[in-house]
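First up is the structure itself, then whatever we jot down about it.
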Amino acid sequence: MHDDDEPVGRVLGRRHALALLGAAGAALTAVGVTGVATAASSDSTAAAGKCDCVAQPEQTEGPYFVDEKLNRSDIRSDPSTGAVSAGALLALHVGVLQINGRRCTPLKDAVVDIWHCDAAGKYSDVAMEGTTGKKFLRGYQVTDRAGRVRFLTVLPGWYRGRTVHIHVKVQTTGTDGKPYEFTSQFYFTEEFKAVYLAQDPYKVKGPADTTNAQDGIYRDGGDQLLLRPRRIGHQYTAEFTIGLDLSDTTVGDDDGGFPGPGPGPGPGPGPTPPSGTPPTRPPTTPPSTTTLPPTTPPITTTPAP
């Protein structure tokens, strides 16, 4: 099992969020807490205080990921070679909100990392897969005043024992002034996966060997983390907004410092953990964000090695 697959915290659905937050939950009802991503534009979702899920961290064990220090919105390429990962384009908009009493407000200056495997099921910077030193499909952005970040990537492939997923980590500061992290994963419906995995460059590997229902990580709240991409021109677009309770600082320690093998969720282990150092804390003054490029035509280049 890949160390990146270790879950951190739990994601609460609408009903559990309301029960936990009490009066604040009633306010969240008014702004529309839901269990899955909605079709509303991310530009209005975070600003309006609309959450797709409420994250309530409660664990310290977490994923070990490579802190490549890549502040970029387009994460498709490997900086060392310029090679662009092949696949169906995905514009991913992530909103981050802070739950504060009866209000859900946009969280500015949070560092949001995403990383995932390529169409062939390979992660960058993994020695066993021959990708040491490569940095494709990894990057971070810093939330703007509306609590938003935007990434341009490709839809991920799959590897043995896991359902298709994208990793996401949010780093900010808790109400006690200490570092705060929330790490989780985004998923896709079986219907959506069946369509795009049957197309180039994914079809050469065939259908994924593990469905959402068979994946042990997904079964622990994954239905609250579903992306529902929409086709717009030559690319897909998906949005997701996470509400964070920054007064719960039980995951204040660096998640990357506690890698662990854990039991495998599927029929076999995934790739070995990536090389590199655990993630650093968010900078006091985050680097300037980059701008999501305009709609790009389909990419036909070969996946990065």
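The values are calculated or read from the model by the stated rules, or taken from the named source; none is laboratory data. Everything numeric here is computed off the predicted structure, so don't read it as measured data. Keep in mind that these areas ignore ligands, DNA and RNA; they rest on the heavy atoms of the full protein, side chains included. Shrake-Rupley method; radii C 1.70, N 1.55, O 1.52, S 1.80 Å.
Annotated for region 77-205: lysine pairs at least 8 residues apart or interchain, Cα distance under 19 Å, count 11.
Once you sort the root eigenvalues of the Cα gyration tensor of region 115-179 as a ≥ b ≥ c, which label holds: rounded (a/c under 1.5), prolate (a/b larger than b/c) or oblate (the other case)? Judged from the Cα gyration tensor, region 115-179 comes out prolate (a/c at least 1.5, a/b above b/c). Relative contact order for region 70-229 using alpha-carbon pairs under 8 Å, separation at least 6, rounded to a whole percent? It rounds to 25 percent for region 70-229. Stretching the chain fully between Lys69 and Ala194 yields a gain of 41.6 nm (0.36 nm per residue, less the alpha carbon separation).
Amide H to amide H distances under 5 Å link Gly147 with Leu107, where only residues 5 or more positions off or on other chains count and H is placed in the peptide plane.
The mean accessible area for residues of region 145-193, using a 1.4 Å probe and ignoring ligands and nucleic acids, is 27 Å² per residue.
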